[in-house]
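Chemist: Structure in structure tokens, see below.
The values are calculated or read from the model by the stated rules, or taken from the named source; none is laboratory data. Quantities reported herein were computed from a predicted structural model and do not represent experimental measurements. Using ideal geometry, Cβ is built from the backbone for each residue, glycine included, and neighbour counts are taken over all protein chains shown.
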Amino acid sequence: MKYTVSLKGSRSFRRMYSKGKSAATPTVVLYVRRNGAGENRLGLTVGTKVGKAVRRNLVRRRLREAYRLHEGSFRRGWDIVAVARTRAAEASYRELEADLLRAAARLGLKTP
């Protein structure tokens, strides 16, 4: 990803959950917060309720790819955490992509 690095550390994720703005769709909940840098930081969370390791990794790869393909249309300087919901396990790539973009648009992350 050209303008994005990974968001790591449980402290960063907890701060996003408590102080970030959020938008929910049927398959993804997106949390965002300004980070003051010139790049985005992306964190993905896929809990065990989504399924076993193979299914969770598939959902994680799909979300990362959906973000990567549309990375240029996201505003820079934000921390972004995408939390997969249980319906994400049965969703197609197109549904996950559409839900991710819809949540980002609601939060004002997409550039016009």
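Chemist: Filter the range 30-60 down to the residues that are surrounded by fewer than 18 Cβ atoms within 10 Å (Cβ to Cβ), modelled with pLDDT of 90 or more and of a type in the set (A, V, I, L, M) and list them by number.
Modeler: Hits for the range 30-60 are Ala53, Val54, Leu58.
Chemist: OK, next. In this structure, does Asn35 turn out to be in contact with a Gly (Cβ under 9 Å, 6 or more places away or on another chain), among the polar types (S, T, N, Q) and closer than 23 Å to Ala98 by Cβ?
Modeler: It is false that Asn35 is in contact with a Gly (Cβ under 9 Å, 6 or more places away or on another chain), among the polar types (S, T, N, Q) and closer than 23 Å to Ala98 by Cβ.
Chemist: Considering only the range 73-86, state which residues are outside any strand (DSSP E or B) and within 23 Å of Arg14 (Cα to Cα).
Modeler: Arg75, Arg76, Gly77, Arg85, Thr86, listed by residue number.
Chemist: Could you give every pair whose Cβ atoms fall below 6 Å, whose first residue belongs to the range 13-41 and is free of Cβ contacts under 8 Å to residues at least 24 places away in the same chain, and whose second residue is surrounded by fewer than 15 Cβ atoms within 10 Å (Cβ to Cβ) and of a type in the set (Asp, Glu), counting only separations of at least 6 or pairs across chains?
Modeler: Short answer, once both residue conditions are applied: none.
Chemist: Please note which strands (runs of 3 or more DSSP E) are completely contained in the range 1-71 and include at least 2 residues that are of a type outside the set (Val, Ile, Thr) and closer than 18 Å to Ala84 by Cβ.
Modeler: 21-24, 28-34, 40-46
Chemist: Right, another one. Looking only at residues that are hydrophobic (A, V, I, L, M, F, W, C) and in a helix (DSSP H, G or I) in the range 92-112, which one is surrounded by the fewest Cβ atoms within 10 Å (Cβ to Cβ)?
Modeler: Filtering first and then ranking leaves Ala105.
Chemist: Okay, moving on. Scan the range 42-57 for residues that are within 18 Å of Leu107 (Cα to Cα) and either without any contact (Cβ under 8 Å) to a residue 24 or more places away in the chain or of a type in the set (A, V, I, L, M, F, W, C) (or both) and jot them down.
Modeler: Leu42, Leu44
Chemist: Pull out all pairs, ordered by first then second residue, where Cβ-Cβ is under 7 Å, the residues are six or more apart or on different chains, the first lies in the range 85-112 and is under 16 Å from Gly72 (Cα atoms) and among the hydroxyl-bearing types (Ser, Thr, Tyr), and the second is at pLDDT below 95 and surrounded by fewer than 18 Cβ atoms within 10 Å (Cβ to Cβ).
Modeler: Correct list of pairs: Thr111/Ser73; Thr111/Arg75.
Chemist: Oh, and also: Residues in the range 65-91 that are surrounded by fewer than 21 Cβ atoms within 10 Å (Cβ to Cβ) and either over 13 Å from Val28 (Cβ atoms) or modelled with pLDDT under 95 (or both): how many?
Modeler: So the answer is 12.
Chemist: Right, here's the next one. Taking the condition more than 23 Å from Thr111 (Cα to Cα), among the small types (Gly, Ala, Ser) and over 11 Å from the mean Cα position of the chain (by Cα), does Ala84 pass?
Modeler: no
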